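Just so it is clear, none of the values below were taken in a lab; they were calculated from the coordinates. Fair warning: this is a prediction, and the values are worked out from it, not measured in the lab. In this analysis, Cβ positions are derived from the backbone assuming ideal geometry, glycine residues included, and neighbour counts consider all displayed protein chains.
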Amino acid sequence: MVSNIPYPSFKHINWDTSARLRSFVLLVACIGLIFYLGMYSFTIIFLSYILYPPIKYLPKLLKIVRYIYKRRFGREEV
């Protein structure tokens, strides 16, 4: 299947940011949640990977729809 929505590749994770501690705490919390939920963890990880790009793409899609609507009808309301 080919998608126009870009999915993350996780090749380059930058740990040299100001939010390094927050990212580490979030990572540890996610790993703990995976062990706590056990049999549901694969499903949660799989669904979150599938649903992340469309949810991230939604604001861009709404902006495109508003632009097309404005060009077609000359109004800003959607």
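Remarks
- FRET efficiency for residue 25 and residue 52, using Cβ-Cβ distance with R0 set to 25 Å, rounded to 0.05: 0.80
- The gain in end-to-end length when the residue 45 to residue 5 segment is fully stretched comes to 12.5 nm, 0.36 nm per residue minus the alpha carbon separation.
- You can think of it this way: the chain between residue 36 and residue 65 has 6.3 nm of extra reach, that is 0.36 nm per residue less the Cα-Cα gap.
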